[in-house]
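The values are calculated or read from the model by the stated rules, or taken from the named source; none is laboratory data. Source: prediction; values computed, not measured. Here the Cβ positions follow ideal geometry from the backbone for every residue, glycine too, while neighbour counts run over all protein chains shown. To get the accessible areas, we keep the full protein, side chains included, count just its heavy atoms, and leave off ligands, DNA and RNA. Shrake-Rupley method; radii C 1.70, N 1.55, O 1.52, S 1.80 Å.
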Number of protein chains: 2
Amino acid sequence: MKPRIKKISVIGSTGSIGVNTLRIVEKFPDRLKVVGLAAGRNLPLLARQVEKFRPARVAVGDPLLIPALKSRLKSKKLDILSGPPGLVSLARDQEADEIVLAVSGSTGLHPALAALQAGKQLALANKEALVMGGELLMKAACGLGNSLIPIDSEHSALFQLLEGKNSEEIVRLFLTASGGPFLTRDPRSLSRVTPEEALSHPVWKMGEKISVDSATLMNKGLEVIEARYLFQIEPGRIKVLIHPQGRVHALLELKDGAVLAHLGIPDMRIPIAYALSYPDRWPLRLPALSLPELKGLTFLEARPQRFPALRLAYSALDAAGTMPAVLSLANEIAVEAFLSRRISFPRIVELVAWVMDAWKENPAASLEAIAAAEIWTRRKTEAVIQRWR
Amino acid sequence: MKPRIKKISVIGSTGSIGVNTLRIVEKFPDRLKVVGLAAGRNLPLLARQVEKFRPARVAVGDPLLIPALKSRLKSKKLDILSGPPGLVSLARDQEADEIVLAVSGSTGLHPALAALQAGKQLALANKEALVMGGELLMKAACGLGNSLIPIDSEHSALFQLLEGKNSEEIVRLFLTASGGPFLTRDPRSLSRVTPEEALSHPVWKMGEKISVDSATLMNKGLEVIEARYLFQIEPGRIKVLIHPQGRVHALLELKDGAVLAHLGIPDMRIPIAYALSYPDRWPLRLPALSLPELKGLTFLEARPQRFPALRLAYSALDAAGTMPAVLSLANEIAVEAFLSRRISFPRIVELVAWVMDAWKENPAASLEAIAAAEIWTRRKTEAVIQRWR
């Protein structure tokens, strides 16, 4: 029996997840077809992707970029959308069966919600969407697997480990963290860290925002929040382990004492492919994980007290409402400020803490409340940055 | 809803698995009831177990032991069976829902087959039954889980990891081995190993036969054969890894490169309880596996070329027919000969190799052929031992 071809749109196609998604499409042309592509401003790469995959629709980050993209394309008949509304309309496009949402940051929330509301399968790599609007997204999804599959390697691992288990069997989830490039570094020297140093992740090659988030451990904090919503589990049962070797992505402790773990080489094509092939698996023909070559797998409990970014994540979950959105947005702005050398590395997490502390009302997380929190957070965060300079 | 009480019989109740099974029964008196007990010759313990669990039927290893057991019991009305026919009749006893088969060695084959043929759930700790009569048992079983659940920790781990997977997803199975007490010892010194040294396993506290089998690595060889029949997978896709820390019991490599692992503290109550609670899990309240306390998990490929017992196991699978039975029986006799100081430690595996090499006909494994192979193997093995002395 010939398998049906799944039609996918890749929102964020020029980033690391997007590029790897398209490598999988190339590997499985009889299973996948690209019907939509969206990118921010990397027009040369987007144009090459359009020529190769011939989607029916394309979106760019800004309407002003449309002419420049057109001039790079042979086909003049392409439907080109733009800006946040372009992403939303691509996410709901009736041509697509599955949306791979791989933009970074708060941009992801609206297209994620749109895709779920339109009944699409959503392969979600954008963690900020879940952090900001976890309850909204989970309400719009018809259950994990049916309409929402995480791409984040830790969450893909947990999603796989949890398959067929009922929640009553689960004691704890463990997310692993490499610990980032500064794990063993003297904390007093962190104020001199440059963006270049922060971007050199020891295990994964990733985009800029997530690399900085990994260095501050805010990435793991966001993942704790993500896990809380995805798997509907109390925050107290989500633990973080520092695991410098980066081969065990997540673990699951069951009520009889058994612990299940998900391992693999650090290659995002594995979780991306799973989000596309689920419930099947495809032969990716990547190098196998060589267990004998691992020189000793270690795990260190990452106590929230020791890692301020984790502490903030748990306290955002504790506060609930729009607090996770404020955390995520303040962090996004703080990372940009660090990358443009406006604040020092340790200031990123300090800034988030400061802004969260100033967020007093904390209404429940409706789309309107999140939008209001976003405006407030941008203004507040910028004001603090200005004051600190 | 009150759960139905499962009625179990424990065949081999005074050994390590039997005793741990009864500890679980004590922990879950509203889930489990003992209706049958069988032991070889440890009458004091068997009598205490009978007084405590009040089974309807009991079996001892030899009819001559019946009066001695009776004299230890208050209740005089107990139905006492004996010898191999006693085990078989206990295995088929219509009172029991599930049989925990925890005798050691070739004694297990007939009761295992009887339990499956009588439509019982069989929780199988006796690996020799599967090694000797793998095809017969799998034919009698209505599929793994439905009527046969392994208790061996590695196979319980694999059984759990394989749940919900289809065979087409599986690339390889990995069984881990502690490597036994002599892994790092100079091979030339092994001829001076005493039974006491061979019985001191670095990770697990177990019976004598399995402890010696662990020291020779024949235990892992038997487990490779067991896995081949249980999971119906080609021998070439079953690998052994030396994992001295003994916390990862087995791993499963899937076709997309993901590797799933099953970890836990080394406590046989976990796999025993799973065989009783399946498909549920019960809260055993054992100490949790502390990942941070593990000082580095390592894995070393155990090449059959380096470990003669493994090489013999793979070649027995290659020969198929009654060869695995000959391997298992020759090993059983060789281990007894070592424990009674009739042969030296390295001679155990040499003896098995020698006997396997002399087994030329190798008919298909019917019960009759296995019985004939057993007679031949006993005679042959004894003859070689005599010659070597």
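What to note about this one:
- Summed over the stretch B:121-148, residues that are farther than 14 Å from B:SER328 by Cβ, outside any helix (DSSP H, G or I) and touching a helix residue (DSSP H, G or I) at 6+ places or on another chain (Cβ under 7 Å) total 8.
- Subset of the stretch B:119-148 [out of contact with any strand residue (DSSP E or B) (no Cβ under 9 Å at 6 or more places or on another chain), buried (at least 24 other Cβ atoms within 10 Å of the Cβ) and within 25 Å of B:ILE270 (Cβ to Cβ)]: B:GLU128, B:VAL131
- Residue pairs meeting the criteria (Cβ under 6 Å; at least 6 apart or on separate chains; first closer than 17 Å to A:ARG306 by Cα and modelled with pLDDT of 90 or more, in the stretch A:184-211; second outside any loop (DSSP other than H, G, I, E, B) and not polar (S, T, N, Q)): A:LEU190/A:PHE345; A:LEU190/A:PRO346
Residue-by-condition table, conditions (1) touching a strand residue (DSSP E or B) at 6+ places or on another chain (Cβ under 6 Å); (2) at negative phi; (3) buried (at least 19 other Cβ atoms within 10 Å of the Cβ):
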{"position": "B:LYS52", "(1), (2), (3)": "no, yes, no"}
{"position": "B:ARG57", "(1), (2), (3)": "yes, yes, yes"}
{"position": "B:GLY61", "(1), (2), (3)": "no, yes, yes"}
{"position": "B:LEU73", "(1), (2), (3)": "no, yes, no"}
{"position": "B:ASP79", "(1), (2), (3)": "yes, yes, no"}
{"position": "B:GLY83", "(1), (2), (3)": "no, no, no"}
{"position": "B:GLY86", "(1), (2), (3)": "yes, yes, yes"}
{"position": "B:LEU90", "(1), (2), (3)": "yes, yes, yes"}
{"position": "B:GLN94", "(1), (2), (3)": "no, yes, no"}
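- Each residue in the stretch A:278-300 was checked for being out of contact with any strand residue (DSSP E or B) (no Cβ under 8 Å at 6 or more places or on another chain), open to solvent by 10 Å² or more (accessible area, probe 1.4 Å) and more than 26 Å from B:ILE242 (Cβ to Cβ), and 5 of them qualify.
- Counted as qualifying within the stretch A:301-389 are no helices (runs of 4 or more DSSP H), as none has 3 or more residues that are modelled with pLDDT under 95 and of a type in the set (S, T, N, Q).
- Contacts under 7 angstrom Cβ, first residue in the stretch B:238-259 being farther than 20 Å from A:LEU286 by Cα, partner open to solvent by less than 10 Å² (accessible area, probe 1.4 Å) and modelled with pLDDT under 95, 6 or more apart: B:VAL240/B:ALA302; B:LEU241/A:LEU291; B:LEU241/B:ALA302; B:ILE242/B:GLY179; B:ILE242/B:ALA302; B:PRO244/B:GLY179
- Residue that is nearest to B:ALA129 (Cα to Cα) [pool: residues in the stretch B:377-389 that are without any contact (Cβ under 8 Å) to a residue 24 or more places away in the chain and either of a type in the set (D, E, K, R) or open to solvent by less than 70 Å² (accessible area, probe 1.4 Å) (or both)]: B:ARG379
- Residue tally, condition surrounded by fewer than 19 Cβ atoms within 10 Å (Cβ to Cβ) and at the interface with chain A (Cβ under 7 Å from one of its Cβ atoms), over the stretch B:264-276: 1
Table: residues versus (1) open to solvent by 40 Å² or more (accessible area, probe 1.4 Å); (2) among the hydroxyl-bearing types (Ser, Thr, Tyr); (3) more than 23 Å from B:GLU234 (Cβ to Cβ).
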site: B:SER315; (1), (2), (3): yes, yes, no
site: B:MET323; (1), (2), (3): no, no, no
site: B:ILE343; (1), (2), (3): no, no, yes
site: B:GLU350; (1), (2), (3): yes, no, yes
site: B:TRP354; (1), (2), (3): yes, no, yes
site: B:ILE370; (1), (2), (3): no, no, no
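- Restricting the stretch A:301-313 to residues that are within 14 Å of another protein chain (Cβ to nearest Cβ) and touching a residue at least 60 places away in the same chain (Cβ under 8 Å), the residue that is least open to solvent (accessible area, probe 1.4 Å): A:ALA302
- Index of the failed condition, B:ILE66 passing every other in (1) more than 26 Å from B:ILE375 (Cβ to Cβ); (2) open to solvent by 20 Å² or more (accessible area, probe 1.4 Å); (3) touching a Lys or Arg at 6+ places or on another chain (Cβ under 9 Å): (3)
- Residues of the stretch A:277-299 that turn out to be more than 7 Å from every other protein chain (Cβ to nearest Cβ) and either over 29 Å from B:SER156 (Cβ atoms) or of a type in the set (A, V, I, L, M) (or both), as a count: 2
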